Number of protein chains: 2
Amino acid sequence: MDRIPILRMGKFLLVTIQIDLYDRLATNLESDLVNMVNKTGARGVLIDISALSIVDSFMGRILGNIGTMSKIMDAEAVVVGMQPAVAITLIELGLELKGVHTALNVEKGMELLHEKISFDEDTLDEADYENNSE
Amino acid sequence: MDRIPILRMGKFLLVTIQIDLYDRLATNLESDLVNMVNKTGARGVLIDISALSIVDSFMGRILGNIGTMSKIMDAEAVVVGMQPAVAITLIELGLELKGVHTALNVEKGMELLHEKISFDEDTLDEADYENNSE
């Protein structure tokens with residue numbers, strides 16, 4: 001398999017990682033995701049890793065990269081379904097996944113994204129209001 | 001990998017099939033799905049096969065099984081993201097996927113499920129109304 005499918009669900013994109021990412025698969029995923037965010041104007045990216053029972057430093061870096069890339073493209077990244085052993089390994093590897101939000105499962109991840117987006121929109125509205133009232 | 005992750009999204013379950021299903025993986029998926037429908041009371045099952053570029057008779061039968069099982073458990077099954085080559089192969093194999101709905105992508109599949117469920121609920125409401133008015 002060359003590509004991991006990216007599913008569009010309304011304002012969000014969903015990626016389920018089920019197999020170990022080797023080099024080309026990972027770089028394909030990164031570029032596909034950035035292109036999809038650009039094309040669809042998605043506001044959030046959900047990455048489900050519930051099928052992963054082990055994680056290495058390469059995988060941790062990819063997750064971090066996706067988070068940073070999404071942020072630059074004005075979309076929030078949420079990693080969902082992390083298994084306890086994976087969380088322990090990531091910390092032991094010194095990877096804190098900065099810039100990436102986490103949630104227990106896809107539903108909670110979606111709630112988190114909805115909150116973030118409505119918060120952003122509120123702040124924008126206020127900024128508009130202040131600009132208009134000046 | 002022993003299991004394909006099943007994601008819960010509100011009333012629906014979402015499964016992304018990214019690798020070829022061998023025997024144990026397929027039977028695990030079937031039993032996991034039926035258990036999840038039972039546990040969560042899900043009304044619909046979305047099966048994304050956009051990552052599959054080839055399909056064999058075994059895979060076709062599994063998809064058919066999942067459709068029939070879901071129906072017995074009072075949930076609709078929708079296969080989404082089928083590639084043109086896969087559709088051609090399925091027909092050449094004589095597998096028409098009876099009892100399984102299809103949609104072009106996850107979003108359209110969700111719309112279809114919403115329509116089906118609201119239609120069911122309308123019919124139920126009418127039945128209730130008729131029962132009450134008797």
**Some residue of the range B:23-41 being in a loop (DSSP other than H, G, I, E, B) and modelled with pLDDT of 90 or more** = yes
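One line per residue, one yes/no per condition, for (1) at pLDDT 90 or above; (2) in contact with a helix residue (DSSP H, G or I) (Cβ under 8 Å, 6 or more places away or on another chain); (3) over 21 Å from B:PRO5 (Cα atoms):
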{"residue": "B:ASP20", "(1), (2), (3)": "no, yes, no"}
{"residue": "B:ASP48", "(1), (2), (3)": "yes, yes, no"}
{"residue": "B:MET69", "(1), (2), (3)": "yes, yes, no"}
{"residue": "B:THR89", "(1), (2), (3)": "yes, no, yes"}
{"residue": "B:ASN105", "(1), (2), (3)": "yes, no, no"}
{"residue": "B:LYS108", "(1), (2), (3)": "yes, no, yes"}
{"residue": "B:HIS114", "(1), (2), (3)": "yes, no, yes"}
{"residue": "B:ASP125", "(1), (2), (3)": "no, no, yes"}
**Request:** Go through the range B:42-61 residue by residue and tally those that are assigned to a helix (DSSP H, G or I) and open to solvent by 20 Å² or more (accessible area, probe 1.4 Å).
**Result:** 3
**Request:** Taking the options A:ALA87, A:ALA77, name whichever one is in a helix (DSSP H, G or I) and in contact with a strand residue (DSSP E or B) (Cβ under 9 Å, 6 or more places away or on another chain).
**Result:** A:ALA87
**Message:** Report every pair of residues separated by at least 6 positions or lying on different chains whose Cβ atoms are under 7 Å apart, first residue within the range A:100-123 and within 11 Å of chain B (Cβ to nearest Cβ) and farther than 21 Å from A:GLY64 by Cα, second open to solvent by 40 Å² or more (accessible area, probe 1.4 Å) and outside any helix (DSSP H, G or I).
**Reply:** A:GLU107/B:ARG8
**Prompt:** Just wondering, is there one or more residues in the range A:15-24 that are open to solvent by less than 10 Å² (accessible area, probe 1.4 Å), within 9 Å of another protein chain (Cβ to nearest Cβ), within 26 Å of B:VAL79 (Cα to Cα) and more than 13 Å from the chain's Cα centre (by Cα)?
**Reply:** yes
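Give me the residue from the range A:66-83 that is within 14 Å of chain B (Cβ to nearest Cβ) and at negative phi and, out of that set, surrounded by the fewest Cβ atoms within 10 Å (Cβ to Cβ).
A:GLN83
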**Message:** The conditions are (1) facing another protein chain (nearest Cβ under 9 Å); (2) closer than 17 Å to B:SER70 by Cα; (3) touching a strand residue (DSSP E or B) at 6+ places or on another chain (Cβ under 9 Å), and B:ALA42 fails exactly one of them. Which is it?
**Reply:** (1)
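The values are calculated or read from the model by the stated rules, or taken from the named source; none is laboratory data. Keep in mind that this is a model prediction, so the values were computed, not measured. So basically every Cβ, Gly included, is an ideal-geometry build from the backbone, and we count neighbours across all protein chains shown. Areas reflect the complete protein model, heavy atoms only, side chains present, ligands, DNA and RNA absent. Shrake-Rupley method; radii C 1.70, N 1.55, O 1.52, S 1.80 Å.
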